[in-house]
Each structure stands twice: as C-alpha cells, then as structure tokens.
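Report on the following structure.
The values are calculated or read from the model by the stated rules, or taken from the named source; none is laboratory data. All values derive from a computational prediction rather than experimental measurement. Note that each Cβ is placed from the backbone with ideal geometry, even for glycine, and that neighbours are counted across all protein chains shown.
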Amino acid sequence: MIKKILIANRGEIAARVIRTCKKLNIRTVAVFSEADQKAPFVALADESYLLGPPRVNESYLKADKIIQIAKEANADAIHPGYGFLSENAVFAEKCQEAGLTFIGPRGAIMKKMGSKIEARKTMQAAGVPVVPGTDGAVESADEALAIAKEIGYPIMLKASAGGGGIGMQVVESDAELTKAFASNSKRAETFFGDGAMFMEKKLENARHIEVQLLADEYGNAVHLFERECSIQRRNQKVVEEAPSPFISEMTRMKMGETAVTAAKAIGYTNAGTIEFLVDEEENFYFLEMNTRIQVEHAITEEITGLDIVEEQINIANGEALTIDQASLNINGHAIEVRIYAEDPVSFFPSPGHITTMEAPAGENVRNELAVTANYDVTPYYDPMIGKLIVTGATRAEAIEVLKSALGNYKIDGIKTNIPMLETVIDHEAFKAGNTTTAFVQKHYLPMVKTN
Amino acid sequence: MQEVKASMAGSVWKITVNKGESVEEDQDIVILESMKMEIPIASEEAGTVKEIKVAEGDFVNEGDVIAIIE
C-alpha cells in the first residue's frame with residue numbers, strides 16, 4: 001500500500017496531486033527548484049526538499065537526485081505529473097529498481113509511445129487508423145521532398161522525439177520543407193538529442209479530440225469519453241471541453257472502443273490518453289498517446305464524477321478497476337481554459353511579478369492554480385499559471401458560467417491571455433461548436449489584428 | 001548608435017551575429033529562451049555590430065542591453 005508519495009513536478013499539477021493524497025491520507029513530499037521556493041505547492045506538501053538551481057536540467061529533470069530524495073524521505077511512490085520526467089521510461093525503470101512505485105505505465109510502453117514513429121507502428125498493428133505519413137524516420141531533406149511528392153502538401157513536419165510543439169512545423173511547399181527540415185531537425189537534436197524527423201499529411205479543418213483511458217494490471221480497461229482540445233496557439237492547447245460538441249454518439253462510441261482495444265492490445269496500465277485528429281466526416285486518426293495524466297484531465301473528472309489521480313494511485317497499488325464501461329455516463333458539460341502568463345495577441349511570454357491575483361469563485365467553478373498574489377512568475381518554466389474549469393448542465397450553460405468567471409478573474413502585474421479567452425468564447429464560431437485546430441488563426445487573430 | 005535590448009526576461013539561447021558584422025534592419029541578433037519559447041530579438045536599424053554584451057547561456061532581464069549596433 002502506498003503511504004507516502006513524492007511528487008516529481010511543480011505548479012498546479014503538484015498541488016492537484018497533493019490534494020488527492022490528503023483525501024486518501026497519503027503523506028506527500030514536494031521537490032522544488034530555487035525559483036519555486038515560495039510556490040504554493042511547496043507549502044501544501046507535508047515535506048519539501050530543494051532540488052537545485054532554477055534550470056530544469058539542474059532541478060526537475062534530475063532523476064537520480066529525485067529518487068535519492070524519495071528514498072531519504074521514506075516515500076514509497078513517485079507521481080510524475082505531466083511534462084518533465086513523466087514520459088521518461090528510464091526514470092520509470094530507475095524508480096522500480098530503487099523499490100519505488102512509479103505512478104504510471106511500465107517503462108517499456110512509455111518508450112514505445114514516446115517515439116512518434118514507434119507509436120504509429122504499434123497503433124497501426126492494434127487496428128487504430130493513422131494519418132497518411134511516413135512509417136519510419138526521415139533522415140534527410142531530399143528524402144523528405146520525395147515523400148512530400150507522394151502525400152501532398154500541406155504537411156506537418158515533426159521531431160520524432162518531440163513534445164511541447166518544439167520541432168514541429170506546417171509546410172506548404174518544397175522550398176518551405178527544405179528550410180524547415182534543416183532548422184527543425186537541428187532544434188530537435190539540441191532539445192531531445194535526436195534529430196530524426198517524421199512527416200504526416202496535415203488534415204484541413206481537423207479537430208483534436210482525445211480519449212481518456214484507465215487500465216489496471218489485470219487486463220481491465222475503460223474509457224472516460226473524449227475531450228475536445230482543438231483551440232490551440234503555438235500548437236499548444238488553450239481551451240478544452242468535454243464532451244466534444246462535434247462528434248455524434250456513434251463516433252463517440254467508436255472512438256472509445258478503438259482506444260480501449262488499443263490499450264488492451266499494448267498491455268497499457270494506469271491513466272493514459274489517446275489523441276486523435278478528426279476530420280469533417282468524423283473519420284478519426286491516431287495522433288499520439290500520452291502515457292501520463294494530462295493538463296486537461298479535470299474536465300473529464302467533472303463530467304464523470306471520478307478523481308483520476310485517485311484512480312492512478314489505486315491502479316499503482318495493484319487494485320483492480322472498480323468501474324466498468326456500462327456504469328460510466330456523461331453528466332453535463334465541462335470547459336477548461338488555460339491561464340497563460342503571456343501577451344494575448346503575440347503569445348510572447350510575460351514573466352514578472354504578480355501584484356494582485358483573485359481567481360473567480362462560485363458554484364460550478366473550479367480553479368487549479370500555480371501562483372498567488374505577490375508572487376514572481378519566472379521565465380524558467382512553461383507559462384501556464386493556472387486552469388479555470390467550469391461546468392453546466394448544457395454547453396451553453398457552461399459557456400455562460402465561464403464568461404462570468406473570466407470577467408471576475410483579476411491578475412495584475414503581468415500580462416495574461418484572459419482577454420484572448422474572453423474573445424474566443426464570445427465568438428459565434430465557438431458558441432456554435434465550430435472549433436477546429438485552425439480556430440485561432442482563422443477567427444481570433446484576424447479580429448485582434450484589425451482592432 | 002542603437003542599443004538592442006531584451007524584450008523580456010530569459011536566457012540567451014543563441015547569438016546569431018558576430019562582432020563587426022553588418023546587419024540589416026529587422027535582422028535577428030540573438031534568440032532568447034523564455035518559458036520554453038524561443039524569442040528572436042532583432043535590430044531596429046541597419047548598421048555594424050559594435051559590441052555583443054551577452055554570451056550564450058546568460059540570463060538577461062527585461063531591458064538589459066544585449067548588443068550595440070552602430
């Protein structure tokens with residue numbers, strides 16, 4: 001039985017995991033960098049340990065040091081959150097070797113899903129449709145040009161080992177491809193130590209819809225329906241909702257079943273998410289699998305009534321799932337917006353000192369916060385400083401709650417994307433559920449650039 | 001003379017010009033990394049790079065002078 005968990009993460013997700021631990025009477029250990037000494041999650045944990053200087057490779061990516069602290073603190077498990085070491089198979093294996101339970105799937109599966117090329121092959125073999133593209137790594141620009149002739153533009157160029165939008169670019173012509181290949185391959189080499197690239201056809205008017213999965217160690221797996229995450233900027237999500245306003249009940253069932261079948265075929269365990277691209281005819285194609293908890297897990301919790309972190313801990317404890325597919329229902333509608341410390345038009349980061357911070361409160365409003373008033377947002381980490389999650393009996397109701405909640409949000413001292421979020425949710429296309437991945441490009445930017 | 005300044009806090013990811021090199025208006029001088037994003041800092045006018053005041057990996061604050069263009 002897990003009695004004490006070290007959370008190998010920071011920000012809102014560290015605070016979120018600690019909250020569930022408290023509910024389950026599990027003791028918590030926080031680890032933090034010098035830049036995060038005053039962060040709320042550090043104060044929430046029962047114990048906290050300094051990892052090192054602010055830079056991630058001297059703090060949150062120091063796998064050995066984190067394991068050493070876990071041992072010293074007598075923790076019996078590590079929750080990796082998202083980002084950082086959460087999809088690092090070597091870290092997961094090292095935890096197990098050190099006698100610590102890694103709250104997530106086995107390292108071997110993480111390794112497979114961590115490579116876009118390997119993941120694509122595995123999913124294809126498990127009967128999941130994939131986007132037309134390369135089956136192996138593309139090593140040179142010449143090879144890329146030959147493939148482009150076959151699949152046609154526009155093409156999405158991606159770093160095989162990539163993540164967080166780094167090394168990813170849409171190209172429309174041979175000239176663009178040649179240029180983008182060189183720069184992105186080099187960048188991927190710098191960031192991930194692997195310059196291998198991967199190409200796939202960019203679907204027009206596509207939606208990004210993902211299926212949340214839970215799987216135990218006894219071959220049981222369920223899906224917790226889908227999340228629509230199409231509204232993105234810089235290839236990163238900004239607004240997420242559940243259920244999707246677009247897909248039919250039939251497609252919902254098919255996507256869920258496909259995801260569960262795939263999870264069983266690869267022997268997946270713990271919480272995971274399969275991301276799909278969905279075209280205008282509701283055809284869906286595998287995009288990637290995230291072998292960890294996701295930022296937007298909260299909207300699934302709101303519509304299903306489950307605590308996904310609690311499920312993760314139970315599965316890691318070797319318990320069988322207590323829910324089956326037939327007992328799961330969608331209750332109402334939930335929307336999450338990510339609050340970023342950034343300019344709402346250029347999307348450039350805006351680190352700095354937060355003077356005032358008042359998050360909205362009320363029925364059907366949930367906040368997951370990484371910061372407080374009188375707090376320094378540093379440039380070392382992701383710009384997300386919080387999440388606002390709202391619910392309603394219907395989508396229209398949820399949008400109304402969101403509108404009023406955003407209106408009551410008060411952050412001074414740094415720029416945030418709140419004005420962008422207000423514009424997006426007030427847009428007719430959003431209200432109508434026309435949320436494709438081109439939303440920001442097509443609807444938001446033209447509006448703000450003319451104003 | 002123009003002082004090229006950091007538009008936000010971050011670390012210097014890459015310096016894209018050399019001292020003595022002539023640069024055009026809007027040409028990138030350095031690329032900063034802040035909050036996991038690369039932010040190019042460009043020269044506002046054409047000229048010659050007189051001095052580069054930072055090294056790759058340095059941390060800069062908003063308003064810090066990065067380079068001097070003459």
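Is it the case that segment B:20-35 has a residue that's within 14 Å of chain A (Cβ to nearest Cβ), touching an Asp or Glu at 6+ places or on another chain (Cβ under 6 Å), of a type in the set (A, V, I, L, M) and at negative phi?
For segment B:20-35, residues within 14 Å of chain A (Cβ to nearest Cβ), touching an Asp or Glu at 6+ places or on another chain (Cβ under 6 Å), of a type in the set (A, V, I, L, M) and at negative phi: present.
Show the residue pairs that are 6+ apart or on different chains and have beta-carbon atoms under 8 Å apart, the first residue being within segment A:56-72 and surrounded by fewer than 21 Cβ atoms within 10 Å (Cβ to Cβ), the second being assigned to a helix (DSSP H, G or I) and of a type outside the set (S, T, N, Q).
Every condition considered, the pairs that remain are A:A63/A:V90; A:A63/A:F91; A:A63/A:K94; A:D64/A:K94.
Could you identify the single residue in B:A67, B:A46, B:A42, B:A55 that is at negative phi and more than 12 Å from the chain's Cα centre (by Cα)?
Of the residues listed, the single one that is at negative phi and more than 12 Å from the chain's Cα centre (by Cα) is B:A46.
Mind listing whichever residues of segment B:40-53 are closer than 30 Å to A:G11 by Cβ and surrounded by fewer than 20 Cβ atoms within 10 Å (Cβ to Cβ)?
Within segment B:40-53, just B:P40 meets the criteria.
Does segment A:223-237 hold any residues that are surrounded by fewer than 24 Cβ atoms within 10 Å (Cβ to Cβ) and either more than 24 Å from A:Y153 (Cβ to Cβ) or touching a Ser or Thr at 6+ places or on another chain (Cβ under 8 Å) (or both), and which are they?
A:F225, A:Q232, A:K237
Within segment A:328-347, can one find any residue that is out of contact with any Ser or Thr (no Cβ under 8 Å at 6 or more places or on another chain), at positive phi and part of a loop (DSSP other than H, G, I, E, B)?
Yes, segment A:328-347 has at least one match.
Which is among the charged types (D, E, K, R) and touching a residue at least 40 places away in the same chain (Cβ under 8 Å), of A:K149, A:K94, A:K116?
A:K116
Among the residues of segment A:331-361 satisfying the criterion of being touching a residue at least 40 places away in the same chain (Cβ under 8 Å) and at the interface with chain B (Cβ under 9 Å from one of its Cβ atoms), which is farthest from A:E296 (Cα to Cα)?
Filtering segment A:331-361 for residues that are touching a residue at least 40 places away in the same chain (Cβ under 8 Å) and at the interface with chain B (Cβ under 9 Å from one of its Cβ atoms), the one farthest from A:E296 (Cα to Cα) comes out as A:G352.
Say whether the condition of being free of Cβ contacts under 8 Å to residues at least 60 places away in the same chain, of a type outside the set (A, V, I, L, M) and away from every other protein chain (no Cβ under 14 Å) is met by at least one residue in segment B:4-19.
Looking for residues that are free of Cβ contacts under 8 Å to residues at least 60 places away in the same chain, of a type outside the set (A, V, I, L, M) and away from every other protein chain (no Cβ under 14 Å), one finds at least one in segment B:4-19, hence yes.
Take the residues of segment A:364-390 that are away from chain B (no Cβ under 14 Å) and free of Cβ contacts under 8 Å to residues at least 60 places away in the same chain: which is surrounded by the most Cβ atoms within 10 Å (Cβ to Cβ)?
A:V390
Does segment A:157-164 contain any residue that is within 14 Å of chain B (Cβ to nearest Cβ), under 22 Å from the mean Cα position of the chain (by Cα) and exposed (fewer than 15 other Cβ atoms within 10 Å of the Cβ)?
Scanning segment A:157-164, I find at least one residue that is within 14 Å of chain B (Cβ to nearest Cβ), under 22 Å from the mean Cα position of the chain (by Cα) and exposed (fewer than 15 other Cβ atoms within 10 Å of the Cβ), so the answer is yes.
So in segment B:14-38, with the set limited to residues that are part of a strand (DSSP E or B) and crowded, with 19+ Cβ neighbours inside 10 Å, which one is modelled with the lowest pLDDT?
Selected residue: B:M37.
Counting just the residues of segment A:154-202 that are without any contact (Cβ under 8 Å) to a residue 12 or more places away in the chain and basic (K, R), which one comes out nearest to A:M113 (Cα to Cα)?
A:K186
Test of understanding: among A:A361, A:A334, A:A326, which residue is among the small types (G, A, S) and surrounded by 15 or more Cβ atoms within 10 Å (Cβ to Cβ)?
A:A334
Has segment A:301-322 got any residue that is on the phi > 0 side of the Ramachandran plot, out of contact with any strand residue (DSSP E or B) (no Cβ under 7 Å at 6 or more places or on another chain) and not in a strand (DSSP E or B)?
Yes.
Mind checking which residues of segment A:194-242 are hydrophobic (A, V, I, L, M, F, W, C) and farther than 17 Å from A:I274 by Cβ?
Result: A:A196, A:M197, A:F198, A:M199, A:I231, A:V238, A:V239.
Exactly one of (1) surrounded by fewer than 21 Cβ atoms within 10 Å (Cβ to Cβ); (2) on the phi < 0 side of the Ramachandran plot; (3) within 14 Å of another protein chain (Cβ to nearest Cβ) is unmet by A:A393. Its number?
Here A:A393 meets the rest and fails (3).
Taking A:G167, is it in contact with a strand residue (DSSP E or B) (Cβ under 6 Å, 6 or more places away or on another chain), part of a loop (DSSP other than H, G, I, E, B) and either on the phi > 0 side of the Ramachandran plot or surrounded by fewer than 21 Cβ atoms within 10 Å (Cβ to Cβ) (or both)?
yes
How many residues are surrounded by fewer than 17 Cβ atoms within 10 Å (Cβ to Cβ) and in contact with a helix residue (DSSP H, G or I) (Cβ under 8 Å, 6 or more places away or on another chain) if we restrict to segment A:142-152?
Count: 1.
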